[in-house]
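Have a look at the structure below, then the notes.
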Amino acid sequence: MQQTHDAAPAAMRTDDLSTYQRTVDSSFVPLDITPETSGPFLASLRGVGAGDLAFTEVHSIPQVVERTREGISRGGSGYYKVSLLLSGSGMLIQDGREVIMHPGDISFYDTSQPYSLVFGEQFRNLIMMFPKDRLEFPEAFTTSLTAVSLGSEHPLAEVVANFISKSAPHLHLLPASARYKLAHTSLDLFTSVLSAMFDTDAVAQDPHHTMRQRIYDYIRANLTSHELCPGSIAAANYISIRHLHALFQETDTTVSTWIKERRLERCRADLLDPALADHGVATIAASWGFVDAAHFSRNFRAAYGESPTALRQRG
């Protein structure tokens, strides 16, 4: 059974831009925030985690949010965000496309590429963030969806928007198991909308894609195991090690790299979790399969541009 380390519900309200900037960085990915007004700054943020999914509601004065090349170099690539605007209006810019966001609209963007969010008035925005491999479509397909509004393109989009807007604010009240199921239902519904709106039959019938998704699920379910390796993964999925490596080469990565990235993501989430503040860095690293603390610290710094201890102090 997959083990999940759920982030404790986090809420903050502040009139200090630097505090808000640090909270945004730790809740999402490194971003640049620029207020669009010369008046007092005021913003609130509430987030809750469910496994490798995170929901965050932001309520703030007008601002510009930018994901820059420099921010990408500091970490946080490899995620998709699904934004549901609750009030106000805004504009999302990515991959040379622009989309105006209205209340009830669902918009999709990629943390691995630069983007901008422009809010010219006070707004409330609900964001679902998850690893890119959780979406069961090839990246070539999802790239065409960035900076595209899904709010009015299909009747199911409204159903999904209503489900997410009504369930996400109450996730923090649920026990971890129920929170996990409800959160992942949101992602399943979003995937269903994409399937209904676009021709995804060819994708679903791609045997290599289907096999990779099954392997991804197996790895996630066994990330804490020190026995996880190409041999054990291949055996559990009834394929050869050579075939396993070939499947990952098709996505320009390796089995070991993919495992390391997922483990680092889980470690980062735990290091930012207030409920685990009394757990040492080495303990958290070991819980996700990093038996050598120094090796973990080097890999963490290479991935996120700072040490695990620095992340905790900043968060």
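Laboratory data are not the source of any read-out in this text; all were calculated from the coordinates shown. Note that the coordinates shown come from a computational prediction; the quantities given were computed from them, not determined experimentally. Ideal geometry is used to build each Cβ from the backbone, glycine not excepted, and the neighbour counts take in all protein chains shown.
List of remarks:
- In a DSSP loop and with at most 12 other Cβ atoms within 10 Å, the GluC sites (Glu not before Pro) in segment 196-297 are Glu227, Glu250.
- Projected label points at Arg69 and Tyr216, each 7 Å from Cα along the beta carbon direction, are separated by 2.8 nanometres.
- For the pair Ser167 and His102, a Förster radius of 22 Å applied to the C-beta separation gives a FRET efficiency near 0.55, rounded to the nearest 0.05.
- Length released on extending from Ile239 to Glu306, taking residue separation times 0.36 nm less the Cα-Cα span: 20.3 nm
- Within a straight-line Cα-Cα reach of under 27 Å, Lys260 can be paired with the following lysines, leaving aside sequence neighbours fewer than 8 residues apart in one chain: Lys81, Lys132, Lys181.
- Per-residue [θ]222 nm for the chain (sum of -39500 (n - 2.57) over DSSP H runs n ≥ 4, rounded to 500): -12500 deg cm²/dmol
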